[in-house]
1. Go through the range 131-187 and give me each residue that's over 19 Å from R2 (Cα atoms), of a type in the set (V, I, T) and surrounded by fewer than 21 Cβ atoms within 10 Å (Cβ to Cβ).
2. Going by what's in this entry, would E242 be described as at pLDDT 90 or above, part of a helix (DSSP H, G or I), over 24 Å from A141 (Cβ atoms) and of a type in the set (D, E)?
3. Can you name the residue in the range 253-278 that is within 19 Å of N194 (Cβ to Cβ) and either of a type outside the set (A, V, I, L, M, F, W, C) or not assigned by TED's automatic domain parsing to the domain that holds G208 (or both) and is also modelled with the highest pLDDT among such residues?
4. Got a sec? Which of D384, D409, D398, D425 is touching a His at 6+ places or on another chain (Cβ under 9 Å) and either in contact (Cβ under 8 Å) with a residue 40 or more places away in the chain or not small (G, A, S) (or both)?
5. Name the single residue, out of those in the range 290-309 being of a type in the set (G, A, S) and touching a Phe, Trp or Tyr at 6+ places or on another chain (Cβ under 7 Å), that is farthest from E273 (Cα to Cα).
6. Can you find, within the range 194-230, the residue that is surrounded by the fewest Cβ atoms within 10 Å (Cβ to Cβ) among those that are among the small types (G, A, S) and farther than 26 Å from H371 by Cα?
7. Given the conditions (1) surrounded by fewer than 21 Cβ atoms within 10 Å (Cβ to Cβ); (2) without any contact (Cβ under 8 Å) to a residue 60 or more places away in the chain, report the number of the one that R295 does not fulfil.
Amino acid sequence: MRRWNDRQVAGAAGAELVRGAGGAAGGPTRAVIDSRAIEPGDLFVALPGERVDGGRFAADALRAGAWGVLAVPAWAREASAVAGDGAVLAAERPLAALAALARAWRRELGAQVIAVTGSVGKTSTKDLIAALIAPHRTVAASRANFNTEIGLPLELLAAPPGTEVLVLELAMRGFGQIAELTAICEPDVGVITNVGPVHLEQMRSLEGVAHAKAELLVGMRDGATAVVPAGEPLLEPYLRAELDKVTFGPGGDVRFADGSERRVVVAGADRYELELPFDSRHNLLNTLAAVAAARAVGVRPSGRVDVRFGALRGERVALARGATVINDCYNANPLSMRAALDDLATQDTAGRRVAVLGDMLELGPAEREHHAAIGAYAAAAGVDLLVAVGSRSAAMLDRYDGEALAAADAAEAAALARELVRPGDVVLVKGSRGVGLEVVAEALAAEADG
């Protein structure tokens, strides 16, 4: 936005320019919604909240040196009385103005936009896409959790001039939200990693999940590229002929030619040799989706893939007692639980495979069956000791016939884990974010620091 003046910023946002920016040259460098994070050059967007109205801090933001503020008319009038420079913009709906401003900046940048959604793996896939593109093009990618109707516009507006490719993650909690995000970022490439049983309290069925995720496909322009899993029938109704469809995975357009350490990806007549710093099955599949997306913007990836996944997503920590913790407790659903257990099954270990698994939330009326099925899956995956954490996860023990314990909460599970884990064990810790299983991983990992 730096290349815009105050009138252009107001026009792009559909806002009234109550007061100009004064001596400020050009437009803002970024948009922020937390007045405590204000830096010179920022546009403070004062969003009304359930507990706190951001408009209360509009005047303070100007005093802190903000380039300007965007607020509802009442707060904008109050802010305009602050002495000194600083633009004041008024809009009846600041969140809608933020979205409009972000969409306008996306068009001004002229960057190719890749949008990623899916039931699981969207953050890792987004990180992989950025890593594949970075050696070839100037790329910007959204930060973790900046994937909502607030976070997505902020990430778009943070992209600097000269950005050639934007990789954005789209999240949802209900119907219509992916459509809203798609309308803001106008993607050239849309990636759906998978369709699985998540948010079933709202979606009701897998068909509902597919419908919500496919809002990305419905909202993309004709001629855009849709990257989807091979053999996923639930997405087929949404793949109109005007989209360029690319499938990934076994039997797809983009697939692995072999399983060697230096992996060869086949895409049509092209072959790409990649060195990957992981061998987990789910991230190998995510890699194929990432290659398909990179190819769609003209990148031919090769060599070592320098990627670092976010915190609590499969982090491995070596313990002082000679065991290893796989900290994968960022979130959980039946699909990601199975993927994590598959990964655990491949680990070489001189001890046992231990799984500390917490409740999976938002699964609706069938939650008990989903948890019981994970117990059966853990048994089939060769888990030697299962610790089920929470009232829902107790159902895992119904169909797990190995050594098992139940813990009421994360604190009890942490105490149990410290007692039970032996040298040589590999310990998977995974559950929905609301269960707070990071305390289990932290309790065990504390040994590595001491």
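The values are calculated or read from the model by the stated rules, or taken from the named source; none is laboratory data. On a predicted model such as this, the values are computed, not experimentally measured, just so you know. Ideal geometry is used to build each Cβ from the backbone, glycine not excepted, and the neighbour counts take in all protein chains shown.
1. Within the range 131-187, T148, I150 qualify.
2. Criteria not met by E242.
3. Checked the range 253-278; the qualifying residue modelled with the highest pLDDT is D253.
4. D398
5. A292
6. This residue is G223.
7. (1)
Every residue, every condition in (1) surrounded by fewer than 22 Cβ atoms within 10 Å (Cβ to Cβ); (2) in the same structural domain as P161 (by TED's automatic domain parsing); (3) under 28 Å from the mean Cα position of the chain (by Cα); (4) farther than 22 Å from A159 by Cα, yes or no:
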site: V18; (1), (2), (3), (4): yes, no, no, yes
site: T29; (1), (2), (3), (4): yes, no, yes, no
site: V52; (1), (2), (3), (4): yes, no, yes, yes
site: A71; (1), (2), (3), (4): no, no, no, yes
site: W75; (1), (2), (3), (4): no, no, no, yes
site: V88; (1), (2), (3), (4): no, no, no, yes
